[in-house]
Amino acid sequence: MLQPLFDLMNSIRPISEELKEVLAENLDIIEVPKRHLLLKEGQTSNYIFVVLNGLLRMYYIKDGEEICSRFMEEQSMAMSVNSFYSRSPGYEYIETLEPCVLARIHKDNLERIYKEYDEFNYIARVITEKYFIKSEERLFLIRKQSAEERYLYLVDHYPELLMRVPLMYIATYLGITLETLSRIRKKLSSQKV
């Protein structure tokens, strides 16, 4: 079950059998139904979740509206970053969009493994860098691109999300209304004909 995670880690830096065993002992495998909340506003994010199968979304509520901030598919990691590192209650929700199989590890166990295994520290740093790059990419899209450019970027770089994520969530992720998204999709569809 953990082999895809180990393959991902090995693609960054070879990992020892000992580290695999320690991770297998400390990662809980959980099966979660669709539309299940893994984290709610006001809770402290104590776990990192690794998506082995399925799809998650992260969102927050502003003026009574859910605003999607991230989608996490297979081999992605999920946690409320601010809450996880500050050890304080967060403002984000993490919800399953599909039935999921997840591996989770508690922050305390993660910290212990960081101290004991240099290769894990290195791998975690590279994964963290990738996370920050994706966050920066999203900020650039929201601040610098038109609604249509944001949608086209999603189509070009993450087409599978359009097949798996309801359009109302895509719209809030792009920072636009569902009506605007529908107009953009209709315009682009008519241009293809």
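Readers should treat all values here as calculations from the given coordinates under stated rules, not as data from a laboratory. Owing to the predicted nature of the structure, the values given are computational and were not obtained by experimental measurement. Quick reminder, even Gly has a Cβ in these numbers, built from the backbone with ideal geometry, and neighbours come from all protein chains shown.
Would you calculate the convex hull of the Cα atoms in the chain and tell me its volume per residue in Å³?
Numbers: hull volume 25.0 nm³, N = 193.
Per residue, the Cα convex hull of the chain comes to 129 Å³.
Applying the criteria of a DSSP loop state and at most 11 other Cβ atoms within 10 Å to the trypsin sites (Lys or Arg not before Pro) of the range 16-85 yields R35. Summing Cβ point charges (Lys, Arg +1; Asp, Glu -1) relative to the Cα centre of the range 145-193 gives a dipole of roughly 200 debye.
Please work out the Cα center distance from the range 19-63 to the range 119-193, rounded to the nearest Å. A separation of 21 Å, based on Cα centres. Computed from Cα atoms, the angle from the helix 147-157 axis to the main principal axis of the chain rounds to 50 degrees.
Report the chymotrypsin sites (Phe, Trp or Tyr not before Pro) located in the range 39-102 that are in a DSSP loop and have at most 15 other Cβ atoms inside 10 Å of their Cβ, or state none. Numbers along the way, then the final one.
Numbers: sites: Y47, F49, Y59, Y60, F71, F84, Y85, Y91, Y93; in loops: Y91.
Those that pass, being in a loop and sparsely packed, are Y91.
Placing unit charges on the Cβ atoms only, positive for Lys and Arg and negative for Asp and Glu, gives the range 3-140 a dipole magnitude near 320 debye about its Cα centre.
Positive end of the dipole of the range 52-193 (Cβ unit charges, origin at the Cα centre): among V81, L188, I142, the Cα lying farthest that way belongs to L188.
Helical content alone sets the calculated 222 nm signal of the chain at -16500 deg cm²/dmol, taking -39,500 (n - 2.57) per DSSP H segment of four or more residues and averaging over every residue.
In the chain, the longest principal axis of the Cα atoms and the axis of helix 107-116 are about 60 degrees apart.
Dipole magnitude of the range 66-182 about its Cα centre, charges +1 at Lys/Arg Cβ and -1 at Asp/Glu Cβ only, in debye to the nearest 20?
Values: 14 positive and 19 negative charges, 72 e Å.
For the range 66-182, the charge dipole is close to 340 debye.
Think of the range 1-47 as a dipole: +1 on every Lys or Arg Cβ, -1 on every Asp or Glu Cβ, centred on the Cα centre; then among N10, L23, N46, N46 lies furthest on the positive end.
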